[in-house]
Amino acid sequence: MAAEPRPLVRSVHRRGVRWRFTTLYAGLFLGSAVAMLAVVGLVAGGTYRADPAPGSTPSTFSSAAQERIASLQHQLAEAHSRQVDQLLLGSAAGLVVMGLLSVALGWYAAGRVLRPLRAMTGATRRISADSLHERLAVPGPHDELKDLGDTIDELLERLEQAFAAQRRFVADASHELRTPLATLRASVDVALAKPGPVPEQTRTLAGRVRTELDQIDRLLDGFLALARAQHGVPLPDVDAIPLDLLAATALADRASAASAKGLVVEADRTGDGSGVRVCGSRTLLRGMVENLVDNAIGHNQPGGWIRVATSTAGPDVRLVVENGGPVLTQDQVAQLALPFRRLGAERTGGGNGSGSGLGLAIVAAVADAHGGTLDLRARAAGGLKATVTLSRAADAADAEDVEDMA
C-alpha cells in the first residue's frame, strides 16, 4: 500500500532530530573541554622559566658551582617540560574518552527530552475517527510540552464535535429530506388521479416533475452513501460479502439498460462466489459495485462494450470494470473520482442529466472506508478501466491456504 512508508519517514525524521540534539550537546561539551585544556596548557607552561634571569646566579660562586646550578636548572626545566607534556597528553586522552562519553550522554539526554514528544506522537497516531473521545492528557509541570499536549487535546475536541455533527446530519438527513420529496410526489399523483380528463400539458409536466424527483432521489442516495463512507458512520450489516455475486447481480439488474444502448456485456466471474469475499458493509459495497456498473453503462457509446471481472491475488480481491467510449487523457480521468466531475456532455450520455456526478466519488470513498483503493486508467482505444482493490475476507483466505497445503 502507498501509505506503508509513512511511519518509516517519521521514524527517520525523529532519529534525525535526536542526532541533531546529540551533536549539539556533544559539540558544546567538547568545545568547553578544549577551551579548558588550552587554559590549563597556557597556565602550566607559564609557571616555570627555563632560563635564569640575568643576575640571578651569584657572582661569588665558583665556576664549578655555577655550572652545577645551571645543570640543575636545566634538569628542572626538562622535568617541568615532561610534566607539562604528560599533563597535556593525559588531558587529550581524557578529552577523547569524555568526547565518546559525551556522545552517549547526549544521545541519552536527547532521548529523555524527546520522550514526551514521542509519547504524544504515538498517542495522536492511535486516535482515529472512531476514537476521537480519547485525549493525550499530558502529565507534568505546566511547560511548553504540556501546552502542546493541551493544544492537541483542544483540537481533538473540536474534531470530535465536528464529526458528531456530521454523523447526526447523516442520521437525520434521510428522513428530513425525503419527507418533502414524498409530499411532492404524492401531490403529482393526486393531480393526475382527479376525476375527469387530464390535460396533456399537465401529464407532460407531471412526467417531468417525476423525472426530476427521481434525479433528486438518486442525488440524495449518493450524498448519504458518500457521507457514510467518508465519515465512518457505523452500519449493522458488516459481514464477509461475495464481491463477484454483487457484480453479477448489478449486471443482471441493469441488463435492460445495457440492451437499450446495444452494449455487449462480458462478465468474468471467478469461482462459485465463495472465494471472492471481502469483509465490509453489504450496503456500501453493493452501492460501490452498482455505481461502477452504472458509470460503465451511462458513459458509454451506443453499440459499445462492458467487461466486468473479479479475481483474487494473495490477500487482495480485485474488481475490474472496463468500458468503451471516447478517448480520455489520464489528467481528465484523475478528476473523475472528485464529486460532480463529469467532463461535459460526452461523459454524461449526451448531456441527458442522468448522472449526479457522485458515482466514482462514492466508489473511491467506499473503497477507502474498507481499506482499499480505486485506480482509474484511461484506455488507449477509448473508455475507462476502473480497478478496485480490497482486502480479502479472512475466512476465504484461510480456506484457500488450507486447499494449497492439501
- Task: Mind sorting 373, 310 by how few other Cβ atoms lie within 10 Å of their own Cβ, fewest first?
- Result: 373, 310
- Task: For residue 146, go through the lysines and keep the ones whose alpha-carbon is under 25 Å away, minus same-chain ones fewer than eight residues off.
- Result: none
- Message: Using Cβ counts within 10 Å as a stand-in for footprinting exposure, how do 142, 299 rank, fewest first?
- Response: 142, 299
- Note on the structure: Expected sort for 312-322, 151-161 on mean C-beta neighbours within 10 Å, highest first, is 312-322, 151-161
- Item | Label-point gap, in nm, between residue 20 and residue 38 - each point 7 angstrom along Cα→Cβ | 2.8
- If one computes the Cα centroid of segment 89-106 and of segment 133-201, what distance in Å separates the two points? 64
- Approximate spin-label separation residue 81-residue 163, in nm, with each point projected 7 Å along Cα-to-Cβ: 7.8
- Full extension from residue 264 to residue 200: what is 0.36 nm times the residue separation minus their Cα-Cα distance, to one decimal in nm? 19.3 nm
- Task: Per residue of segment 315-326, in order, report the coupling 6.51 cos²θ - 1.76 cosθ + 1.60 (Karplus, θ = phi - 60°) as ³J(HN,Hα) in whole Hz, putting x for Gly and Pro.
- Result: x, 10, 10, 10, 10, 10, 10, 10, 8, x, x, x
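Quick note: the coordinates plus some simple rules give every number you see, no bench work behind them. This one's a predicted model, so the numbers in the text were calculated from it and none came from an experiment. Note that we place each Cβ from the backbone using ideal geometry, even for glycine, and neighbour counts take in every protein chain shown.
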